[in-house]
Amino acid sequence: MRNIWTICRRELYSYFVSPVAWVILAIFAILSGFFTFAVTTSFLRYALQSQMQGGGGPMNVNEQAISPLLSNIAVIAIFFLPMIGMRLFAEEKRQGTFELLATSPISDPQIVIGKWLAALALYGAMLLVLLLDCSFFFIYGNPDWKPFVTGFFGLLLQGGCLLAFAAFISSTTKNQIVAGAAGFGLALLLWVLNWVSSFGNSDFLQVLSYLSILSHYDSFARGVIDSKDLIFYCSMIFLGLFLTTRSLESVRWRA
Amino acid sequence: MIQVEGLTKRYARQVAVDNISFEVNQGEIVGFLGPNGAGKTTTMRVLTCYMPPTAGSAKVAGFDVYESPMEVKRRIGYLPETPPLYPEMEVGDYLKFVAKLKRVPSGDVNRRVDEVAERCSIADVKDRLISKLSKGYRQRVGLAQAIIHNPEVLILDEPTSGLDPKQIIETRELIKGLAGDHTIILSTHILPEVEAICQKVIIINKGKLVATDSVDNLTHRMHGSDASVVVVDTAGQADSTAVQQRLEQVSGVSKVLGRHVEDSGFTYEVESLAGRDVRADIARVIVQSGWNLHELKSVSFSLEEVFLELTGGQAPQEGAE
């Protein structure tokens, strides 16, 4: 446990003393700010319209503002997380520090989990910025907080998934650009995989569609923790981290 | 302290280390010598549990590198060819991180960091970013991280490469100072370095073990003898063959080689049986024969010559691997 914490802390140290974390946070702040502004504006226009026409259904901030906002953020994460994940192992290998980790009394899974947790913590910091944006909904409105919490929880799970796979890709190369491009490609593919469900109804297509990382997020955004989706994310995280560990091991055998 | 038996490491296309065996005793400083690409780094990586051997075994402090790598890693300090530094960290923070990584108890971390910083003379740069350090300082920080957990065994891969002469001398002194508490293996392709610091030398070439012995023995054993150079001036009283025959009769002399014949004197290289100093006898014989003795000195073969002979005339090169 102490080993995981040691690795995690050093990783966070590197994120926050270098411009990496601050640049990512700043860009994310601008984007999440814009999205919050956009959903709020369209929510207000919709509210105004339904008032003018009279009647209309009751408005719901959770369903009509917060839920679409969180879904948008889930898509933005697909662009951001490969950038965070690409350096995890590629940089260590390039600057030779992986040799230090590999010859220290610490196991491969501990290294992998420590680094993954640090990357997840950075994503958590990004979500704190989003929390700041969302606080306006609570100041000027009265939304239900429970779907809000499940939405954030879902974002973290989905992020953990993408980071686990980004870590795996990063562990296979010394080159950060390669790791970044491949990680981004994979994240994008996992996003659009559910399109295949419209191609037909064969078992194979169903399985492919099920693997789509974003479709599992919908239930969280609606305020439901579906055990099916929870298990999907957890097993994807486990798979990603397991592959990373294996990949590090194979690096040693081939060296 | 270290036992290596039949160690072989095969990569996809080539055999990097081929069936080598050697032993290192506690407290020894051993030089690991070989031309570029001889398999030095690979052997060290196996010893530090960075990669497993293809065949054979290696034991450090009684623990097998394959079966109990954690125990081995705790007892080893390793300085790879490029010091494993995080450029964005401060020196002090970096050393604290390594101390924790190497399982130094939490209460001792700060004390150990101060100690090794003092010992490696980097205390004055503790607050500097590693990326701002000069090559010499980086190397010393690398050495500091290797000894931070006070390991029984130190493995240093070319610890003096890329340093200026003053830094090289300082680093050598530092390494010598570490001997005794630590068993040290250092690789190098700079021969005077081995003569300067090591008691024992292991020479490998193209993955094969060529020689392993103490530095003194090795230079002797190469020729099975000690040698002296004699310059004799007979003032025309005898020709060079006569002098050579006379020298061969001295007891303890195994071989006499005529080198130059000049008017001023004849030069011979006299080899004697190991451990016997025949210089006094040679001098007496020459003087008794009524000749003039111009020069008489004992020569030992430098490690350089031994190295060249053992590795098939491939000169060691300075510079990058």
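Miscellaneous remarks
- Index of the failed condition, B:MET51 passing every other in (1) among the hydrophobic types (A, V, I, L, M, F, W, C); (2) at the interface with another protein chain (Cβ under 9 Å from one of its Cβ atoms); (3) closer than 15 Å to A:PRO105 by Cβ: (3)
- Pick from region B:236-268, criterion of a type in the set (Ser, Thr, Tyr) and part of a helix (DSSP H, G or I), ranking: surrounded by the fewest Cβ atoms within 10 Å (Cβ to Cβ): B:THR241
- The residue that is nearest to A:THR97 (Cα to Cα), counting only those in region B:73-99 that are facing chain A (nearest Cβ under 9 Å), β-branched (Val, Ile, Thr) and crowded, with 20+ Cβ neighbours inside 10 Å, is B:VAL98.
- Test for A:SER215: is it out of contact with any strand residue (DSSP E or B) (no Cβ under 7 Å at 6 or more places or on another chain) and in a loop (DSSP other than H, G, I, E, B): yes
- A:VAL75 being more than 14 Å from chain B (Cβ to nearest Cβ), open to solvent by less than 50 Å² (accessible area, probe 1.4 Å) and either more than 18 Å from the chain's Cα centre (by Cα) or free of Cβ contacts under 8 Å to residues at least 12 places away in the same chain (or both): no
- Qualifying residue in region B:54-71 (condition: within 12 Å of chain A (Cβ to nearest Cβ), within 28 Å of B:ASN205 (Cα to Cα) and touching a residue at least 24 places away in the same chain (Cβ under 8 Å)): yes
- As a summary of the residue check, A:PHE16 satisfies the conditions (1) within 12 Å of chain B (Cβ to nearest Cβ); (2) in contact (Cβ under 8 Å) with a residue 60 or more places away in the chain; (3) within 20 Å of the chain's Cα centre (by Cα) except for the one numbered (2).
- Scanning region A:102-122 for residues being within 14 Å of chain B (Cβ to nearest Cβ), closer than 30 Å to B:LEU156 by Cβ and touching a Leu at 6+ places or on another chain (Cβ under 7 Å) gives a total of 5.
- Verdict on A:PHE37 being open to solvent by 10 Å² or more (accessible area, probe 1.4 Å), more than 30 Å from B:PHE97 (Cβ to Cβ) and in a helix (DSSP H, G or I): yes
- Counted residues, region A:43-58 - those being open to solvent by 70 Å² or more (accessible area, probe 1.4 Å) and not charged (D, E, K, R): 8
- Residue count, region A:79-89 (criterion: in a helix (DSSP H, G or I) and either within 13 Å of chain B (Cβ to nearest Cβ) or buried (at least 23 other Cβ atoms within 10 Å of the Cβ) (or both)): 7
- Looking at region B:89-169, the helices (runs of 4 or more DSSP H) lying wholly inside it that each contain 2 or more residues that are farther than 29 Å from B:GLY62 by Cα and of a type in the set (D, E, K, R) sit at B:109-119, B:135-147.
- Being more than 9 Å from chain A (Cβ to nearest Cβ), open to solvent by less than 10 Å² (accessible area, probe 1.4 Å) and at pLDDT below 95 is a property that holds for B:ALA146.
- B:LEU129 meets the conditions (1) in contact with a strand residue (DSSP E or B) (Cβ under 7 Å, 6 or more places away or on another chain); (2) more than 19 Å from B:ILE175 (Cβ to Cβ); (3) at pLDDT below 90 in every case but one. The failed one is (3).
- For B:ALA38, the criteria (1) more than 9 Å from every other protein chain (Cβ to nearest Cβ); (2) at pLDDT 90 or above; (3) buried (at least 20 other Cβ atoms within 10 Å of the Cβ) hold in every case but one, which is (2).
- Of all residues in region B:47-85, those being closer than 14 Å to B:LEU154 by Cβ and in contact with a Phe, Trp or Tyr (Cβ under 7 Å, 6 or more places away or on another chain) number 2.
- Criterion (in contact with a Leu (Cβ under 8 Å, 6 or more places away or on another chain), crowded, with 20+ Cβ neighbours inside 10 Å and acidic (Asp, Glu)) met by exactly one of A:GLU92, A:GLU99: A:GLU92
- Restricting region B:100-110 to residues that are within 7 Å of chain A (Cβ to nearest Cβ) and touching a residue at least 12 places away in the same chain (Cβ under 8 Å), the residue that is least open to solvent (accessible area, probe 1.4 Å): B:LYS102
- Positions within region B:107-150 being within 18 Å of B:LEU186 (Cα to Cα) and among the small types (Gly, Ala, Ser), in sequence order: B:GLY136, B:GLY142, B:ALA144, B:ALA146
- Of the criteria (1) within 14 Å of chain B (Cβ to nearest Cβ); (2) in contact with a helix residue (DSSP H, G or I) (Cβ under 9 Å, 6 or more places away or on another chain), which one A:SER219 fails: (1)
- Within region A:132-154, the set of residues being open to solvent by 70 Å² or more (accessible area, probe 1.4 Å) and part of a helix (DSSP H, G or I) comprises A:LEU132, A:PHE136, A:PHE138, A:ILE139, A:TYR140, A:TRP145, A:LYS146, A:VAL149, A:PHE153.
The values are calculated or read from the model by the stated rules, or taken from the named source; none is laboratory data. Everything quoted here is computed from the prediction, not taken from an experiment. Glycine gets a Cβ as well: all are built from the backbone with ideal geometry, and neighbour counts include every protein chain shown. Side chains included, ligands, DNA and RNA excluded: accessible areas come from the protein's heavy atoms. Shrake-Rupley method; radii C 1.70, N 1.55, O 1.52, S 1.80 Å.
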